[in-house]
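In what follows, a structure is listed as C-alpha cells, so that the remarks can point back to it.
No value in this document is a laboratory result; all are computed from the given coordinates. What you see is a predicted model; the values in this text were computed from it and never measured. FYI the Cβ positions are ideal-geometry reconstructions off the backbone, even for glycines, and counts take in every protein chain you see.
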Amino acid sequence: MRASPLTPIRKLLICPLAVLLGIFSGCAQPAEEDSLPFSTWFPIRLGEETIEVQVAHLSREISRGLMYRTNLGRDRGMLFYYDAPRKMSYWMRNTSIALDIGFFTADGILREIYPMYPMDERPVKSRREDLVMAVEMNQGWYANNGVGVGAGLDLATLRKCLLQRGVETSRIPF
C-alpha cells in the first residue's frame, strides 16, 4: 500500500512546526545528562594533600549532601559550590558520619573549620559572609593532615570539575 501524498493544507501545517522545532532545539541548553553525575569523584589538591570530592552545586544536591551515608573514604569528602558569596550554615540532619566542615572564599582559601556531629540538627554557622565553598571531610581529617586555615584549593582543577559537573562558565569566578 502506498502512502498518500501530503495535501497542501498538511504541508502548510507541518512546515511551520518543523521550523519552530529546529529553532528551539538549536537554542536549547546542554541537557543535564551531558554533564558528569553528582556521584562522580574528582581528585583535587587541598593544601599539600590530594582528596577526592563529589561536587554539589544544584540546590537539590546541596540539600542532600552526605545524608543517609554510613561511611566516607579516608580522603574523600563533599565540596559544596555556590556562585555567590554568602554566610554559610549547615546541619547534620540524617547524617550519621562525624564530619569537619571547612569554609572557603572565592580565592580558594580555607577560612574556617568546624566539627559536626552525627544527627545534630543545630546549625553550624560561619562567621564570614564572603564564602562560596564548603568541604566536608571525616571528622579530624583537617587536623590529622595538617590542613588548616590558610590552606588553598587547586582552583584550576576545581574549575575543570565544576565545568564537568555542568556549572556554566559565567558562574565560576576563577
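Things worth noting here:
- Modelled label positions at E121 and S170, each set 7 Å beyond Cα in the direction of Cβ, lie 3.9 nm from each other.
- Normalised by 2.2 N^0.38 Å, where N is the number of residues, the C-alpha radius of gyration of the range 46-110 stands at 1.13.
- The slack between I62 and T50, meaning 0.36 nm per residue of separation minus the straight C-alpha distance, is 2.1 nm.
- Charge sum, other residues only, whose C-beta stays under 15 Å from V147's C-beta, Lys/Arg counted +1 and Asp/Glu -1: -4
- In this structure, the amide hydrogen of L36, modeled 1.01 Å from its nitrogen in the peptide plane, lies closer than 5 angstrom to those of R165, G166, counting only residues at least 5 positions away or on a different chain.
- The loop-placed GluC sites (Glu not before Pro) in the range 44-109, going by DSSP, that have at most 12 neighbouring Cβ atoms within 10 Å of their Cβ come out as E48.
- Relative to its Kirkwood radius, the Cα radius of gyration of the range 77-174 gives an Rg/Rh of 0.96.
- Net +/- balance of residues flanking D100 in space, Cβ distance below 11 Å, scoring K and R +1, D and E -1: -2
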